[in-house]
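None of the figures in this text is laboratory data; all of them are computed from the coordinates on show. Just so we're clear, the structure is a prediction, and the values are computed from it rather than from any experiment. Using ideal geometry, Cβ is built from the backbone for each residue, glycine included, and neighbour counts are taken over all protein chains shown.
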Amino acid sequence: MKTLDQFNFAGKRAVVRVDFNVPLNDKFEIGDDTRILGAAPTIKKILADGGCAVVMSHLGRPKGVEAKFSLKHIQNRVAEVMGAEVLFADDCIGAEAVAKAEALKPGQILLVENLRFHKEEKNGDVEFSKELAKLGDIYVNDAFGTAHRAHASTTVMAQFFPENKCFGALLAKEIESINKVLKEGEHPITAVLGGAKVSSKITIIEKMLDTVDNIIIGGGMVFTFVKAQGGKIGSSLVEDEQLELALDLLKKAEDKGVKIYLPADVLAADAFSNDANTKVVLSNEIPDGWMALDNGPESMKEIKEVILASKTVLWNGPLGVFEMEKFANGTIQLGEYISEATANGTFSLVGGGDSVAAVKQFGFADKVSYVSTGGGAMLESLEGKLLPGIAAILA
Ligand code: AMP
């Protein structure tokens, strides 16, 4: 793997693709600066070596040039976090950007304007990529969140740095964490797959069947499996067109010796509301008019045993409708079990979708081994795909 440590940036100008797509409020204040903090190790290493950095990112989904999506809004915060002077170029390509990049002194940063002000960025335009490549001598990709997109700055521009390209520290950590589960995971390996729909997780479930020892299924997905097996699911979430596939997955798991855990009991509600009446029922005996919105106590006992006996845990997707307090218990307890297992030496990766929001909300982010920074990119990695942004560095 071509990592940052293999380069000495002294006297060099690095072009660093980061993910500074941070939420801004209507006063253009940053709501959550996790992504800026996430890029700090990479940028600080470049500057500490005696190099300078041209930093590029997208922000939001602008249609052409739109001032509200300007990266200028975050310039000061980037300077604070990096502890360095940050200059700004009003366009990510062109004479001004090149001149400012060439004038950078060691220890300085040039932040260039939103890449997506040019439609060529998302189109992966080669000429545009070539213009971006003029900004530095070494290309560093540290944007895991967009590594699954073959955009100009995430993938295409890498070809203009045949020898001088590498992963940033954050992207390297993401790859390492995925490998620790999919390639070098210590057994027993358990994947917890929750969330709303089976249809969005099919490829992941199939990939996991080749990798793990146990799959714990949770969330709304459960009831497609339960119905397929002939259970009564009341008005719980179901995808009727996936019933056959659900049975097929269960059969494949059996053939491969992978144990699938579906919850024995659930917390059912008489409305999709935090004010609903609730009761614990068996997951295959949900009364008409009731819907299951969380796991029940018996199923959580079983999950606890499986998690605490695992050496590697992947968690993708909540076990219930954790956005409502009444249905958050299963997800919170799972976070506790995974934290406990991690404290005992288990490697735990949380990634892809709402489980990341859940671990942050409930305070488990520091108690698991790694929380992924990329939603879609993580999901595609778990499906076993080599992401274009990663392939471009490896090429
Ligand atoms: P995903 O994006 O696939 O990870 O799905 C996350 C969503 O699934 C969250 O918004 C949860 O509220 C929702 N969810 C979890 N459990 C259930 C359930 N039993 N019924 C309906 N939705 C659920």
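Couple of notes before you dig in:
- Gained length - Gln229 relative to Glu340, 0.36 nm times residue gap less alpha-carbon distance: 36.6 nm
- Based on Cα atoms of region 4-167, Rg over Rh with Rh as the Kirkwood radius reads 0.92.
- For the chain, adding -39500 (n - 2.57) for each run of n ≥ 4 DSSP H residues and dividing by the number of residues yields -10000 deg cm²/dmol at 222 nm.
- Cα-based helix-to-principal-axis angle, 169-182 vs the chain, degrees rounded to 10: 30 degrees
- Glu298-Ala79 FRET efficiency (beta carbon distance; Förster radius 51 Å; 0.05 resolution): 0.45
- Relative contact order computed over region 175-376 (Cα-Cα under 8 Å; 6+ residues apart), in percent: 22 percent
- Spatially proximal lysines relative to Lys100 (Cα-Cα < 16 Å; intrachain offsets below 8 disregarded): Lys12, Lys72, Lys134
- Intensity falloff of region 285-394 expressed as log10 I(q)/I(0), Debye formula with alpha-carbon point scatterers, at q = 0.12, 0.16, 0.21 Å⁻¹: -0.47, -0.76, -1.12
- Subtracting the Cα-Cα distance of Lys251 and Lys311 from 0.36 nm times their residue separation leaves 19.1 nm of extension gain.
- Spatial offset of region 78-94 relative to region 217-293 amounts to 50 Å, using the alpha carbon center of each.
- Where labels lie 7 Å past Cα in the beta-carbon direction, separation of Glu66 and Asp210 in nm: 4.0 nm
- Using the Cβ-Cβ distance between Lys44 and Asn123 with R0 set to 35 Å, the FRET efficiency works out to roughly 0.60.
- Modelled FRET efficiency - R0 25 Å, Glu186 with Ala395, Cβ distances, 0.05 increments: 0.25
- Cα gyration tensor shape for region 30-126, rounded if a/c is under 1.5, else prolate or oblate: oblate
- Range of Cα positions in the chain per principal axis (Å), largest first: 70, 43, 38
- Shape category assigned to region 115-202 from the gyration tensor of Cα positions, a/c cut at 1.5: oblate
- Overall, region 154-220 carries a charge dipole of about 260 debye about its Cα centre when +1 sits on the Cβ of Lys and Arg and -1 on the Cβ of Asp and Glu, all other atoms neutral.
- Percent RCO, i.e. relative contact order, over the chain, from Cα pairs under 8 Å lying at least 6 residues apart: 15 percent
- Largest-first ellipsoid semi-axes for region 258-299, taking √(5λ) over the Cα gyration tensor eigenvalues, angstrom: 20, 10, 8
- Projecting the Cα positions of Leu135, Val306, Asn21 onto the charge dipole of the chain (unit charges on Cβ atoms of Lys, Arg, Asp and Glu, taken about the Cα centre) puts Leu135 furthest along the positive direction.
- Whole-Å semi-axes of the ellipsoid equivalent to region 189-343 (Cα gyration tensor, √5λ, descending): 23, 19, 12
- Proximal charge balance of Arg61 [Cβ under 10 Å; K/R count +1, D/E count -1]: +2
- Shape category assigned to region 238-311 from the gyration tensor of Cα positions, a/c cut at 1.5: oblate
- Between 0 and 90 degrees, the angle of helix 329-343 with respect to the longest Cα principal axis of the chain falls at about 60 degrees.
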